[in-house]
Ligand code: ADP
């Protein structure tokens, strides 16, 4: 009971019509948040009602990627919170729940668990077609918490083409599966860069995406090339799928939005 009222039910349970897609990776820096933000915007551009939860406690980069001003808070109405909307995506970040200077990475497991549960019950997203969750990298407490709170969630695993990234990505997919989630596919990011002379540069090697997909027995849904425009769009808070839809990374992410 809160203030004498019955506790609200978590709206994304097994009976909900909302697809919940967790975007995971084995390690940080593979572009998971960048891919998640662009995928959310690409799905919203198709007319879907999209929510995005930034649960990456180590980075919470989603607000910046979507151009949400630092310090922006959900709008509070009684005990409900309305998420800020950016590029038609209703977005909430764990960073919006921190007191000044507080470091969420210092929280213990139960605190993280409660916060995630609060995200899911007290933030009023309304009816959504898709809820994306930008997961913390790896297989830590919060990944397992979210697995318990949303056992019917689907999982996308993001990796780079590098063998070392692929190994940890496979592990994160296997852990998600053990908590009952369904791994629906792999996204390879930072694939070969197209050079002006028509050749390509495999900066991070090749084959990681296919390797993870084969190990998890799921499809490789996208291979997103290295792209200066993707990085620039992220820094500017204007996702490349909107800013430069002709860019090769933008096209790969737009195709991913069709494939999920
Ligand atoms: P993660 O969420 O996995 O930690 P980020 O999404 O924060 O990774 O991306 C890490 C950095 O790599 C960011 O600076 C981002 O702009 C850049 N980046 C991600 N994907 C690409 C890409 N395909 N091409 C160029 N830069 C990229």
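The values are calculated or read from the model by the stated rules, or taken from the named source; none is laboratory data. Here the structure is a predicted model, which is why all the values come from computation and not from measurement. Glycine also receives a Cβ, built like all others from the backbone with ideal geometry; neighbour counts cover every protein chain displayed.
Any idea how many residues of segment 51-70 are under 13 Å from the mean Cα position of the chain (by Cα) and at positive phi? Total meeting the criteria: 1. Listed here are the helices (runs of 4 or more DSSP H) enclosed by segment 184-253 that have at least 2 residues being in contact with a strand residue (DSSP E or B) (Cβ under 6 Å, 6 or more places away or on another chain): 208-216. Summed over segment 42-70, residues that are assigned to a helix (DSSP H, G or I), surrounded by fewer than 24 Cβ atoms within 10 Å (Cβ to Cβ) and touching a strand residue (DSSP E or B) at 6+ places or on another chain (Cβ under 9 Å) total 1. If you go through segment 1-26 and keep only what is modelled with pLDDT of 90 or more and in contact with a strand residue (DSSP E or B) (Cβ under 9 Å, 6 or more places away or on another chain), you end up with 18, 19, 20, 21, 22, 23, 24, 25, 26. On the given criteria, is residue 203 within 12 Å of the ligand (Cβ to nearest atom), more than 26 Å from residue 45 (Cβ to Cβ), at pLDDT below 95 and surrounded by fewer than 20 Cβ atoms within 10 Å (Cβ to Cβ)? It is true that residue 203 is within 12 Å of the ligand (Cβ to nearest atom), more than 26 Å from residue 45 (Cβ to Cβ), at pLDDT below 95 and surrounded by fewer than 20 Cβ atoms within 10 Å (Cβ to Cβ). For the structure I just gave you, tell me whether residue 170 is crowded, with 17+ Cβ neighbours inside 10 Å, out of contact with any strand residue (DSSP E or B) (no Cβ under 6 Å at 6 or more places or on another chain) and modelled with pLDDT under 95. Spelling it out, it is not the case that residue 170 is crowded, with 17+ Cβ neighbours inside 10 Å, out of contact with any strand residue (DSSP E or B) (no Cβ under 6 Å at 6 or more places or on another chain) and modelled with pLDDT under 95. The one condition from (1) in contact (Cβ under 8 Å) with a residue 40 or more places away in the chain; (2) under 18 Å from residue 133 (Cβ atoms); (3) buried (at least 16 other Cβ atoms within 10 Å of the Cβ); (4) more than 10 Å from the ligand (Cβ to nearest atom) that residue 151 does not meet is (3). Close Cβ contacts (under 6 Å, 6 or more residues apart or on different chains) running from residues in segment 27-38 that are within 12 Å of residue 241 (Cα to Cα) to residues that are assigned to a helix (DSSP H, G or I) and near the ligand (Cβ under 6 Å from one of its atoms) comprise 34/234. Residues that are over 9 Å from the mean Cα position of the chain (by Cα) and within 16 Å of residue 251 (Cβ to Cβ) within segment 33-49 comprise 38, 41, 42, 43, 45, 46, listed in sequence order.
Per the listing 35, 57, the residue uniquely within 16 Å of the ligand (Cβ to nearest atom) and farther than 27 Å from residue 229 by Cβ is 57.
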